[in-house]
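One structure is given below, encoded as structure tokens.
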Amino acid sequence: MKLGLALGTLALGAMLSFSGYLSAEEDLAKDIAVDAKRDGGKLKLSLKPKKDGLYINKDYPIKCTLKIADGGKLEKTELGKSDATYEDAGKEGKAKSVSFSTGADKAVEAECKLVACTDSTCSAPFKVSAKSN
């Protein structure tokens, strides 16, 4: 009887810990500052963690999907790892920020899928979004 109670308590604790971890994952989008600005026919898009100790995962194949306002011209509708410029964090596979640049003559909506990491663990992929001027 005591063994059954101990195992049940252990399983409940594990489920609560796991569900807390998922909630933390879902909130990571709030911890990434997304800046999308157009200047001189170019869109500059940057993603940067708002907290110390949080980084952009450089190994994950980051992908940003872009949509331009009606009648606008957009150089690329998707930006990926090969288009990215990373600000090195001095840690293997981690960056302080990531930025992209592409031609755009009207306002752009961007949605990016990325992974964020701390020193010891990385998140599941999640999305952030922004709209330029």
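Values in this text are rule-based calculations from the coordinates and carry no lab data. The structure presented is a predicted model; accordingly, all values stated were derived computationally and were not measured. Glycine gets a Cβ as well: all are built from the backbone with ideal geometry, and neighbour counts include every protein chain shown.
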Inset, instruction - May I ask you to evaluate 6.51 cos²θ - 1.76 cosθ + 1.60, the Karplus curve with θ = phi - 60°, for each residue of region 65-82 and list the ³J(HN,Hα) values in order in whole Hz, giving x for glycine and proline? - result: 9, 10, 10, 9, 4, 3, x, x, 10, 10, 4, 9, 9, 9, 10, x, 3, 5
Inset, instruction - Pick out, from Thr118, Thr102, Gly72, the residue whose Cα sits farthest towards the positive end of the charge dipole of region 31-131, with +1 on the Cβ of Lys and Arg and -1 on the Cβ of Asp and Glu. - result: Gly72
Inset, instruction - Could you tell me, in Å, what Rg and Dmax come out for the Cα atoms of region 31-131? - result: 13.5, 46
Legend entry - Using θ = phi - 60° and Karplus 6.51 cos²θ - 1.76 cosθ + 1.60, couplings along region 43-59 (whole Hz; Gly, Pro as x): 9, 10, 10, 9, 10, 8, x, 8, 10, 5, x, 10, 9, 8, 6, 6, 7
Legend entry - Rounded FRET efficiency, nearest 0.05, which uses the C-beta distance separating Lys127 from Lys106 and R0 of 22 Å: 0.45
Legend entry - Qualifying lysines (Cα of each under 18 Å from Cα of Lys131; at least 8 residues distant if same chain): Lys30, Lys37, Lys42, Lys44, Lys48, Lys63, Lys67, Lys73, Lys76, Lys106, Lys113
Inset, instruction - Give the calculated FRET efficiency between Glu87 and Lys67 to the nearest 0.05, with a Förster radius of 41 Å applied to their Cβ-Cβ distance. - result: 0.95
Inset, instruction - With only alpha-carbon atoms counted, please give the Rg and Dmax of region 80-131, in Å. - result: 12.9, 41
Inset, instruction - Give the long-range amide H neighbours of Leu43: residues separated by 5 or more places, or on another chain, with amide H under 5 Å away, using H modelled in the peptide plane at 1.01 Å from N. - result: Thr102, Gly103, Ala104
